[in-house]
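Laboratory data are not the source of any read-out in this text; all were calculated from the coordinates shown. Just so it is clear, the structure is predicted and the values come from calculations on it, not from any experiment. As a convention, Cβ positions derive from the backbone with ideal geometry for all residues, glycine included, and neighbour counts pool all protein chains shown.
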Amino acid sequence: MRTLKRIFDFYILSNIHVGFAVFCLTKITLLVYGITDNLVPFFVFFSTVASYNFIRLYRISMIQGWIFEFLKSRKKLILGLTFISVLVILYLALQLQFAALLWLLPFGLFTFFYVVPFGVKKHSSTALRSVAFLKLFLIALSWAGVTVLVPLVNYHIEIDKAVAITFVQRFLFVAAITIPFDIRDVDYDDDALKTLPQVIGINASKKVGLFFLMLFLGMEFLKVPVTAVPLRIHFFVAVIALSFLFKATKTQHRYYSSFFVESIPIIWWVMVLAGLT
């Protein structure tokens with residue numbers, strides 16, 4: 001039993017789970033256009049694992065105690081996984097369209113400078129995550145860009161009104177499911193971050209998340225034509241996300257956000273697969 005727990009913890013804390021979640025969001029985007037190829041989804045998966053491990057290891061001294069202890073004891077394994085992921089990324093990148101790589105560039109820079117300080121003068125440099133109010137929206141923007149725009153550009157899908165609507169929906173969805181993480185970390189994040197729970201409180205943050213999810217669902221009616229199956233799936237996804245959002249507390253179980261909330265994209269993908277069969 002202890003061995004299974006260690007494997008599960010490694011699956012979560014080495015960011016394989018979040019990588020799978022982003023993989024599923026990318027698959028959802030492509031399946032709508034009838035594209036079943038896995039090149040971009042796997043590229044996004046390994047990129048997520050590598051980038052999230054980079055961020056976590058870079059900030060290892062500033063994370064929660066139990067996560068710090070686990071990462072410290074498994075650091076070599078996580079570094080090995082990250083190194084392998086980078087090799088796979090380089091191999092897959094050679095097969096991507098040049099236009100897709102160009103669209104990917106700004107989101108890659110967002111990830112790098114999310115934790116690495118930058119500035120003209122060393123003493124005045126800062127990381128993007130330290131800019132007040134930016135953390136939530138930067139994460140949502142990056143996920144939306146990588147799971148919607150990059151894959152569609154790679155397969156020569158025109159960025160039209162329908163794609164723009166999907167991009168905004170994805171942004172709103174990711175922003176909403178990121179709030180439980182900010183609630184969890186409210187006592188650990190630096191006050192300078194000014195995350196939503198730090199500034200407006202936990203209850204008000206949940207209401208903001210509700211607003212995001214209402215827009216996420218409402219924008220489905222802007223698509224032409226409005227079809228029953230996608231609308232039904234978006235409704236269930238919004239309800240699931242909302243239930244986890246409203247039950248989130250700063251003393252939540254250690255797996256509440258990192259496993260259950262991040263499983264929502266996986267559930268969404270399964271519903272899309274079921275709806276297409």
Task: At least 20 Å along the helix axis (C-alpha) and Kyte average at least -1.0, DSSP helices within the chain - done: 16-32, 39-58, 75-93, 98-115, 161-184, 202-218, 228-247
TODO: Taking every pair of Cα atoms in segment 177-277, average 1/r, invert it to obtain the Kirkwood radius, and report Rg/Rh to two decimals.
DONE: 1.04
TODO: Please provide three numbers in whole Å: the alpha-carbon extents of segment 2-276 along the principal axes, with the largest listed first.
DONE: 50, 49, 45
Open item on the list: Please arrange Ser263, Ser47 by how many other C-beta atoms lie within 10 Å of their C-beta, fewest to most.
Closed with: Ser263, Ser47
Open item on the list: For the chain, what does the helix formula give at 222 nm: sum of -39500 (n - 2.57) over DSSP H segments with n ≥ 4, over the residue count, nearest 500 deg cm²/dmol?
Closed with: -22500 deg cm²/dmol
Open item on the list: Connecting C-alpha atoms closer than 10 Å in a GNM of the chain, tell me which of Ala176, Ala50, Ala93 has the biggest fluctuation.
Closed with: Ala93
Task: Paramagnetic label zone (point 7 Å from Cα along Cα-to-C-beta, Ala162; backbone N under 15 Å) in segment 214-233 - done: 220-231
TODO: Starting from the Cα of Asp191, step 7 Å along the direction of its Cβ; do the same at Lys247; then give the gap between the two resulting points in nm.
DONE: 3.4 nm
TODO: Could you calculate the contour length gain from Tyr11 to Leu90, that is, 0.36 nm times the residue separation minus the distance between their Cα atoms, to one decimal place in nm?
DONE: 26.2 nm
Task: Set Lys5/Lys27; Lys27/Lys194; Lys5/Lys75; Lys135/Lys250; Lys76/Lys135; Lys223/Lys250 screened for pairs whose C-alpha atoms are more than 26 Å apart - done: Lys5/Lys27; Lys27/Lys194; Lys76/Lys135; Lys223/Lys250
